[in-house]
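Note sheet for the following structure.
The values are calculated or read from the model by the stated rules, or taken from the named source; none is laboratory data. Since the structure is predicted, the reported quantities are computational estimates derived from the model, not experimental observations. Backbone-built Cβ (ideal geometry, glycine too); neighbour counts: all protein chains shown.
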Amino acid sequence: MTVMNVKSLAIHLNQAEYEKREVTSIQAEHPEMTVGDAYKIQEELVGLKLQEGHRIIGPKMGLTSRAKMKQMNVEEPIYGYVFDYMVVPDKTLYLNELIHPKVEAEIAFILGKDIEGPNVTIEQVIEATEYVAPALEIIDSRYKDFKFTLPDVIADNASSSKVFMGSTFKRPQELELDLVGVTLSINGEIKELGASAAVLGHPAESLVLLARMLSRKGLKLKAGQVILTGGITGAVMLSDGDVVQAKWDGLGSIEFTVK
Ligand code: OOG
Ligand code: MG
């Protein structure tokens, strides 16, 4: 894939996000696109957003649980970036700002120290983590019908769209971090449930893997970043009028309404 292709595809995906418009699979047009090409497109897209004045909240991991891999038919964890403009300030999600949003329950890590290198341990991740907090991620793939290949979704910033952060912050040592039970309900009915061990056996393992992936590019996780570790269960499609509530054992709850 040429440098020109990488640049124009990043612009294409960035515009699709801002114009809330579905696009066709890039892989279908460019069968030669590799995972490496896809991360180049993502880097270019991140660069565009930074130029526009947006700020990175943190990188995020995706497809870290069996439930998510199975649902999306993609077999490998990926990363993307969450920006400041994606954090929802109140308790309402506006459908007119989105294409076809889904919600997923996650655990966020807020770092007190940098994490760097290909061989960090879960213990080092926990030691570097100031707080853990609950988060509901809204993913909104720019691809038609939410259908994509592994390179497609990487290029599309791992479907990042919006995030609701919870208000319960705990020190990571205060919880059995791999045994946090989660329920995700819509209009009072539980749609998905699980335990945090669904994320690579332990959600801190998600940061171990992320640090390894970033280290291949000479990058690291930085103090102050808020990092989503990946959906614990499958994601749920949202419709107008939905009242969404998720509860985490020991980490409180998040509720919002879809309008
Ligand atoms: C890709 C994004 C995955 C997660 O937590 O697994 C993700 C997608 O499913 O569209 O954010
Ligand atoms: Mg996610």
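Among the conditions (1) buried (at least 16 other Cβ atoms within 10 Å of the Cβ); (2) in a loop (DSSP other than H, G, I, E, B); (3) more than 19 Å from the chain's Cα centre (by Cα), E32 misses just one, which is (1).
In this structure, V74 qualifies as within 16 Å of ligand 1 (Cβ to nearest atom), assigned to a loop (DSSP other than H, G, I, E, B) and in contact with a Phe, Trp or Tyr (Cβ under 9 Å, 6 or more places away or on another chain).
Taken together, the criteria exclude A67 from residues that are of a type in the set (G, A, S), surrounded by 17 or more Cβ atoms within 10 Å (Cβ to Cβ) and away from ligand 2 (no atom under 14 Å from the Cβ). Of all the numbered requirements in (1) closer than 26 Å to L50 by Cα; (2) within 18 Å of the chain's Cα centre (by Cα); (3) in contact (Cβ under 8 Å) with a residue 40 or more places away in the chain; (4) surrounded by fewer than 20 Cβ atoms within 10 Å (Cβ to Cβ), K113 misses one, and that requirement is (2).
Quick one: would you say A223 is of a type in the set (A, V, I, L, M, F, W, C) and more than 17 Å from the chain's Cα centre (by Cα)?
Numbers: of a type in the set (A, V, I, L, M, F, W, C): yes; more than 17 Å from the chain's Cα centre (by Cα): yes.
So A223 fits the description; yes.
Every listed requirement among (1) under 30 Å from A223 (Cβ atoms); (2) within 14 Å of the chain's Cα centre (by Cα); (3) free of Cβ contacts under 8 Å to residues at least 12 places away in the same chain is met by Q51 save one, (2). Looking at the stretch 142-259, the strands (runs of 3 or more DSSP E) lying wholly inside it that each contain 1 or more residues that are within 16 Å of ligand 1 (Cβ to nearest atom), within 27 Å of D90 (Cα to Cα) and free of Cβ contacts under 8 Å to residues at least 60 places away in the same chain sit at 189-195. Taking first residues from the stretch 1-15 that are within 13 Å of H30 (Cα to Cα) and partners that are acidic (D, E) and part of a helix (DSSP H, G or I), the Cβ contacts under 7 Å between residues at least 6 apart in sequence or on separate chains come to M1/D37; V6/D37; V6/E44.
Only residues that are crowded, with 19+ Cβ neighbours inside 10 Å and outside any helix (DSSP H, G or I) were counted across the stretch 35-57, and they come to 1. Scanning the stretch 81-111 for residues that are closer than 27 Å to Q15 by Cβ and either assigned to a strand (DSSP E or B) or within 14 Å of ligand 2 (Cβ to nearest atom) (or both) turns up Y81, V82, F83, M86, V87, T92, L93, P101, K102, V103, E104.
Residue check: is H12 part of a loop (DSSP other than H, G, I, E, B) and surrounded by 14 or more Cβ atoms within 10 Å (Cβ to Cβ)?
Working: part of a loop (DSSP other than H, G, I, E, B): no; surrounded by 14 or more Cβ atoms within 10 Å (Cβ to Cβ): yes.
Against the criterion (part of a loop (DSSP other than H, G, I, E, B) and surrounded by 14 or more Cβ atoms within 10 Å (Cβ to Cβ)), H12 does not qualify.
Of the residues E137, E76, the single one that is under 22 Å from V153 (Cβ atoms), at pLDDT below 95 and within 15 Å of ligand 2 (Cβ to nearest atom) is E76.
For the stretch 54-64, the set of residues classified as within 12 Å of ligand 2 (Cβ to nearest atom) and either of a type in the set (A, V, I, L, M) or in contact with a Pro (Cβ under 9 Å, 6 or more places away or on another chain) (or both) consists of M61, G62, L63, T64, listed by residue number.
Looking at the stretch 171-204 only, could you name the residues that are over 29 Å from L238 (Cα atoms) and either buried (at least 18 other Cβ atoms within 10 Å of the Cβ) or polar (S, T, N, Q) (or both)? If you could, list the steps in order and put the result at the bottom.
Of all residues in the stretch 171-204, those over 29 Å from L238 (Cα atoms) come to 171-176.
P172, Q173, listed by residue number.
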